[in-house]
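No value in this document is a laboratory result; all are computed from the given coordinates. What you are looking at is a predicted structure, and each value in this text was computed from that prediction instead of being measured. Cβ atoms come from the backbone with ideal geometry, glycine included; neighbour counts cover every protein chain shown.
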Amino acid sequence: MNVAFKTLGCKLNYSETSSISRDFENKGYNKVSFKENADVYVINTCSVTQNADKEFKYLVNRAKKSNPKSKIIAIGCYAQLKPREIGQIDGVDLVLGADKKFDVLNYIENNESHSCEINNVKSFQTSFSLGDRTRSFLKVQDGCDYKCTYCTIPLARGKSRSGKINEIIDNVKTLVGKGIKEIVLTGVNIGDYGIMHGDLKKESTFLDLLKNIDKVSGLERVRISSIEPNLLSDEIIHLVSHSKKFMPHFHIPLQSGSDKILKLMKRRYLKDLYENRVEKIKNLIPDCSIGVDVIVGFPEEDENDFMETYKFLEKLDVSYLHVFSYSERDNTESVKLKNKNSNKIKGIRSKILRDLSELKKNNFYKNNLGKKRNVLFESENKNGFIHGYSDNYIRVKTLWASNLVDNINNMILDKIDSDNLVIARNI
């Protein structure tokens, strides 16, 4: 029986889909591309933006056109938040939320239909991606206790919870044993990692986890995915600065450079703290890449607030931006805020910050030209070139050579090509 998988949204979703797909393969299912004819289509949904909801409906229609008799299963955040809505979409056979998604194989084999409610998800299910990319995404934490006024993730994924250090280390060793060169640590709020005891005190912290991972023999590269600025401690930055395994790369959500808007968002920091974190990183790791998440068009964000954000980002020594237009979601506090911004205004502000991002990235690339960096190359031959990422997250290409595939090579970053990638050459 053929089964196909599609992941919408974040790296955490991707790691979970990969683990679920291995369960199917271990049971004798034949995994195929989502574009191919399959008997079962599993879509791991996202509900961070309205576009993710629309994309889900498009995928359902496409799957049914490929095989009208196929069974379509929706799992993940959208399924958890709006089970009835998603269950009424023509073609959807099974809806499993956050507490049931890892049981999808059992539901299919028992030929069950199920529509979940929003449950208080308490368990932690370990997962990691394998076989689809050069790097592996390893889930270390799930859920979130923060109450950001625009976000549905705490409803979709429940309270913050974490995997035990020994279990995570076992997964790291498994991935190293399978030849994985780079592991990306993922979660909803990974800086909040910690195992809780009955007295509600943490037995272990994210720093403890990083120290243990740093000791794993044979592990070559580790990246920390998005981490909240208020949880990015001096100790974590120091560890990365001295480690040969942790890559000089941080992705730190900002969301707004206006303290007024940060307060309306109920973020747990103001922009001074964010600036302090960037300065600390750059003082210790000058060539470190720093990525930033920004939301434009939040309710009450006027032109002065936006320009405050622009000027703040313009002066910050960061490498690239991920820009999101505010998307109103049900059951969030920001729905009640007044002075909403139009789609036109959000589009204009988004374009301005995307242009700034390109400028930031180009400057970061230029500052690294002529330097030696370790590059992990991927496996695809793209018009005679092989692509990869440097340790500090510069997108690199060089002439195709089969011996480079899935290997780390010390290269000189030579020049920026017309496609805004850096051409590297052998030392």
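Before moving on, here are some points about what is shown:
- With the charge dipole of the chain set up from +1 on Lys and Arg Cβ and -1 on Asp and Glu Cβ about the Cα centre, the Cα lying farthest toward the positive end among the listed residues 313, 9, 47 is that of 313.
- Value at 222 nm in deg cm²/dmol, rounded to 500, when DSSP H runs of n ≥ 4 in the chain each add -39,500 (n - 2.57): -10500 deg cm²/dmol
- Simple rule: put +1 on each Lys or Arg Cβ and -1 on each Asp or Glu Cβ in the chain, find the dipole, and look at 207, 28, 162; the Cα lying farthest toward the positive end is 28.
- About the centre of its Cα atoms, the chain shows a dipole size close to 540 debye [charges on the beta carbon of Lys, Arg (+1) and Asp, Glu (-1) only; nearest 20 debye].
- Selection among 81, 369, 177 by position relative to the dipole of the chain gives 369 as farthest towards the positive end (Cβ unit charges, Cα centre).
- Cα centroid separation - the range 290-348 against the range 236-271, whole Å: 17
- The alpha-carbon of residue 54 sits under 13 angstrom from the alpha-carbons of these aspartates and glutamates, leaving out residues fewer than 8 places away in its chain: 85.
- Taking the DSSP bridge list for the chain and keeping only pairs wholly inside it, about 40 percent are antiparallel.
- Panel order for 137, 246, 324, by other beta carbons found within 10 Å of each beta carbon, from fewest to most: 324, 246, 137.
- Exceeding the 24 Å Cα-Cα cut-off - candidates 100/139; 263/366; 159/266; 57/181: 263/366; 57/181
- Entry note, the chain: relative contact order of 10 percent, from Cα contacts under 8 Å with a spacing of 6+ residues.
- Close amide H contacts of residue 257 (hydrogens built in the peptide plane, cut-off under 5 Å, sequence separation of 5 or more or a different chain): 309.
- Protection proxy ranking of 71-80, 327-336, by the mean of other Cβ atoms within 10 Å over each peptide's residues and highest first, is 71-80, 327-336.
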